[in-house]
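Worksheet: one structure, shown below.
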């Protein structure tokens, strides 16, 4: 390491190593793997082998411009898992990372001990889901400043320095330019979610999340066969960043039972 070769790209990977249960963390569209600074030490101290990486088009991962959107997020993750020799592991995704994590679980359920879907509505594109989300998410959301889209109002008011650090972390990623990044292999729909076998799933929502409001996240949880739903008060779309201690506690308790 720190680079792992996958088809047409070199992924920047940080692997804590060790013999503990592996835990892979997937970052959002706004940011890169450095976002997990408050998670790595705690989960490593809890005995996990923590693995983070910059997805294609982000951070220090290298790919030619013409290959930035080549393949799929899921295929890159599969190639990384094989390269690291992971036979069974837990997978956590926030926002855009949750889209990748969900499709990986659908396509590779026997590889996962547990799945965490954090503040991400899984990019559902079936018409019923699009209509339902439109009831709670205004059409002007993509045009708002990054901090208003990604961070809850409570955090913005209380932690101006944290907001500055978050914006510095996200510099270089454009959360409006979805088409220039990798997507999933196949569109995610409620019908597809319902096919997930018995992988335990934790669905985390923030009650100030403008991208994935609680009713939308609850609907996702209701369609996953083995999911539990948790709502984090006063948290926005980046709950892991805004409330790291509470987010870590909930995820750790879940993994303690299932990983």
Discussion item. Per-residue counts of other Cβ atoms within 10 Å, averaged by peptide: what ranking do you get for 36-48, 67-79, highest first?
Written reply: 67-79, 36-48
Worksheet item: Over all distinct Cα pairs, what is the inverse of the mean 1/r for the chain, reported as the Kirkwood hydrodynamic radius in Å?
Response: 18.1
Worksheet item: For labels at residue 195 and residue 135 in the simple 7 Å Cα→Cβ model, what's the distance in nm?
Response: 2.7
Worksheet item: If you take the beta carbon distance between residue 82 and residue 157 as r and set R0 to 51 Å, what does 1/(1 + (r/R0)^6) give as a FRET efficiency, to the nearest 0.05?
Response: 0.70
Discussion item. Let me see the P(r) profile for the stretch 125-259: every Cα-Cα distance counted, bins of 5 Å, each bin given as a percent of all pairs.
Written reply: 2, 9, 16, 19, 21, 18, 11, 4, 0
Discussion item. Once you keep just the Cα pairs under 8 angstrom separated by 6 or more residues, what percentage relative contact order results for the chain?
Written reply: 21
Item to complete: Compute the distance in nm between two label points, each set 7 Å from the Cα along the Cα-to-Cβ direction, one at residue 222 and one at residue 143.
Response: 3.2
Fill in: Mean projection area, nm², convex hull over Cα of the stretch 69-136
5.4
Discussion item. With just the Cα atoms defining each centre, how far is the stretch 162-234 from the stretch 27-67? Give it in Å.
Written reply: 17
Worksheet item: Where does the chain land at 222 nm, in deg cm²/dmol rounded to the nearest 500, when only DSSP H runs of n ≥ 4 count, each adding -39500 (n - 2.57), divided by all residues?
Response: -10000 deg cm²/dmol
Worksheet item: So for the stretch 1-116, what percent of the C-alpha to C-alpha distances run longer than 25 Å?
Response: 12
Practice prompt. Give me the percent of DSSP beta bridges within the stretch 3-258 that run antiparallel, rounded to the nearest 5.
Written response: 25
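Every number here is computed from the coordinates shown, using simple stated rules; none is lab data. In this text the structure is predicted, and so the values were computed from the model without any measurement. Cβ atoms come from the backbone with ideal geometry, glycine included; neighbour counts cover every protein chain shown.
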